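The values are calculated or read from the model by the stated rules, or taken from the named source; none is laboratory data. None of the values given here were measured: they were computed from a predicted structure. Don't worry about glycine lacking a Cβ; one is built from the backbone with ideal geometry, like all the others, and counts go over all protein chains shown.
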Amino acid sequence: MQKKRIIGTTNGILVIGAALLLAQTTSWLTGTGDQKFDKLAGIQPGLGTVMIEYAKRFGNVYYAAQAGNWGMAAYQLKEAVEIQEVAETTRPARKALLQGFESNALVPLANDIVKQNLDGFKRDFSTMVTMCNGCHAATGFSYIVYKLPDRPKVPAKLDTGQKFTTQELQTILADLVGGTPAPAITSGGIVNGASFALAPAPVAPGSIISIFGTNLAASTAQASAVPLPTQLAGITVKVNGTPIPLFFVSPGQINAQLPFEAPPGRATAVVTSSAGDSRSETFNVASSAIGIFPFPSSNRAIALNQDGSVNGPENPEGRGRVIVVFLTGQGPVTPPVPTGRAAPLDTLSPAALPGAATIGGSTAPVMFLGLTPGFVGLAQANIQIPSDITPGAQVAMSITVGGQAGNTTTISVK
Ligand code: HEC
């Protein structure tokens with residue numbers, strides 16, 4: 001019965017509602033569902049009561065944003081919208097105006113908060129105040145002119161020094177900025193696209209990399225032509241600020257080519273979708289960092305026998321013969337191939353760094369190491385199987401380039 005008290009003191013119409021309540025005691029809430037609703041709505045506080053708290057919240061939004069406490073700004077805005085939604089329900093006559101105000105004034109403000117853009121926020125806040133007063137004029141209250149209080153009234157510390165991610169702010173303001181959260185790269189989630197070797201394992205310039213995360217893309221899409229695009233299904237990935245070629249995007253994984261131009265050392269990546277930027281993720285780049293492509297959920301190398309058929313336990317290759325093993329991360333090639341473009345079909349581009357291999361524990365001659373013609377970022381090693389090894393369905397094979405060993409895989413030898 002707390003509502004009754006608020007009613008009696010604020011609004012003539014509601015005093016009548018309260019009197020009715022007293023006179024009829026138990027019998028007042030009768031009729032159809034709609035009639036009951038109308039009666040209940042009639043005893044709710046009017047816009048005036050709602051507006052007092054509403055207006056207070058906006059002062060809090062402003063000062064929280066100014067103090068860089070974007071979490072508090074988001075929270076205060078969310079609370080203001082909740083009060084507004086109460087008003088939309090209990091004052092259906094004002095609903096359309098309030099909803100228009102929400103999409104024209106509050107959504108831009110919410111986006112500024114999510115982007116932590118103070119300049120944009122101040123601009124949109126002042127536009128909003130114009131719209132607040134515009135609605136007062138439109139509803140016959142032109143003498144109610146909102147003024148930002150000189151000081152914050154929020155009974156909480158504003159300068160907490162806390163940092164906020166786009167995603168955190170987006171979650172608080174999901175009702176205003178829509179349900180699509182910004183992309184997030186998993187910590188350590190930038191890896192060699194063949195071996196998936198965990199960070200801090202480096203990746204090499206020119207190689208195929210995989211980026212793991214959440215909300216990276218809204219849907220799944222694959223590049224359909226070369227040179228590879230730097231935007232796919234609205235997604236871009238920037239490494240050290242430059243967009244990189246994309247093979248594939250999906251909510252949880254992106255496959256891309258690390259540009260040949262990426263210098264060895266620490267690098268940063270940011271994934272951008274229509275929902276915003278991910279936090280920048282740091283990863284290591286080394287001049288070579290090979291990964292051999294395995295079959296899914298196995299360490300069996302994807303390799304071709306000398307006759308071009310796929311190597312496997314059912315189709316082993318003989319000792320002394322040459323297999324082709326697919327990998328990425330060999331580093332620089334001569335002549336160079338531009339980033340995003342397929343290796344030419346008429347000119348081979350061997351690796352600039354020396355390669356070596358062992359199969360079954362014995363040194364195996366590398367006949368060719370370089371880019372696979374017609375593909376982007378894909379390389380191959382043509383390796384002769386030593387004749388002195390023990391055959392088997394799973395014979396260990398490792399390849400090093402520039403002294404760096406890749407993942408250990410197996411091939412089948414007869
Ligand atoms: C849908 C139109 C509408 C919008 C939008 C609107 N108001 Fe109001 N506001 C009103 C009406 C109508 C009243 C008069 C209350 C009543 O119905 O008795 C009011 C009253 C007020 C009051 C006086 C409350 C009191 O009783 O002391 C303040 C302060 C106020 N509004 C601030 C704001 C602020 C700040 C905004 C923008 C963030 C805003 N209003 C947006 C319609 C609106």
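A few points about this structure:
- Among the residues of region 144-156, the one identified as modelled with pLDDT of 90 or more and either of a type in the set (F, W, Y) or away from the ligand (no atom under 16 Å from the Cβ) (or both) is Y146.
This table checks each residue for (1) within 22 Å of G206 (Cα to Cα); (2) at pLDDT 95 or above; (3) assigned by TED's automatic domain parsing to the domain that holds A303.
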| position | (1), (2), (3) |
| --- | --- |
| T339 | yes, yes, yes |
| L345 | yes, no, yes |
| A351 | yes, yes, yes |
| P354 | yes, yes, yes |
| M367 | yes, yes, yes |
| T372 | yes, yes, yes |
| I385 | no, yes, yes |
| T390 | no, yes, yes |
| A396 | no, yes, yes |
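- When the residues of region 169-196 are filtered to those that are not aliphatic (A, V, I, L, M) and not in a loop (DSSP other than H, G, I, E, B), the one that is modelled with the lowest pLDDT is D175.
Let's see how each residue does on (1) surrounded by 23 or more Cβ atoms within 10 Å (Cβ to Cβ); (2) under 30 Å from A55 (Cα atoms):
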position: T166; (1), (2): no, yes
position: Q170; (1), (2): yes, yes
position: T186; (1), (2): no, no
position: P200; (1), (2): no, no
position: V203; (1), (2): yes, no
position: A233; (1), (2): no, no
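- Filter pass, F141 being of a type in the set (F, W, Y), without any contact (Cβ under 8 Å) to a residue 40 or more places away in the chain and either closer than 20 Å to P181 by Cα or within 15 Å of the ligand (Cβ to nearest atom) (or both): yes
- Of all residues in region 333-361, those that are over 19 Å from F293 (Cα atoms) and either without any contact (Cβ under 8 Å) to a residue 60 or more places away in the chain or not charged (D, E, K, R) (or both) total 18.
- Cβ pairs under 6 Å, 6+ apart, first in region 84-98 and in contact (Cβ under 8 Å) with a residue 40 or more places away in the chain, second small (G, A, S) and part of a helix (DSSP H, G or I): T90/A41
- Listed by first and then second residue, the pairs with beta-carbon distance under 6 Å, at least 6 apart or on different chains, first residue in region 125-138 and farther than 13 Å from N104 by Cβ, second surrounded by fewer than 16 Cβ atoms within 10 Å (Cβ to Cβ) and β-branched (V, I, T), are N133/V145; H136/I144.
- When region 373-391 is filtered for residues that are part of a strand (DSSP E or B) and out of contact with any Gly (no Cβ under 8 Å at 6 or more places or on another chain), the ones remaining, listed by number, are N382, I383.
- Flag if G370 is out of contact with any Gly (no Cβ under 8 Å at 6 or more places or on another chain), surrounded by fewer than 18 Cβ atoms within 10 Å (Cβ to Cβ) and either within 19 Å of I209 (Cβ to Cβ) or not basic (K, R) (or both): no
- Odd one out for Q76 among (1) over 27 Å from R279 (Cα atoms); (2) more than 10 Å from the ligand (Cβ to nearest atom); (3) touching a residue at least 40 places away in the same chain (Cβ under 8 Å): (1)
- The test for being within 14 Å of the ligand (Cβ to nearest atom), at pLDDT below 75 and under 28 Å from K153 (Cα atoms) holds for G46.
- Test: T130 is within 25 Å of I235 (Cβ to Cβ) and in a helix (DSSP H, G or I): no
- Applying the set (1) outside any loop (DSSP other than H, G, I, E, B); (2) free of Cβ contacts under 8 Å to residues at least 60 places away in the same chain to F247 leaves exactly one unmet item: (2).
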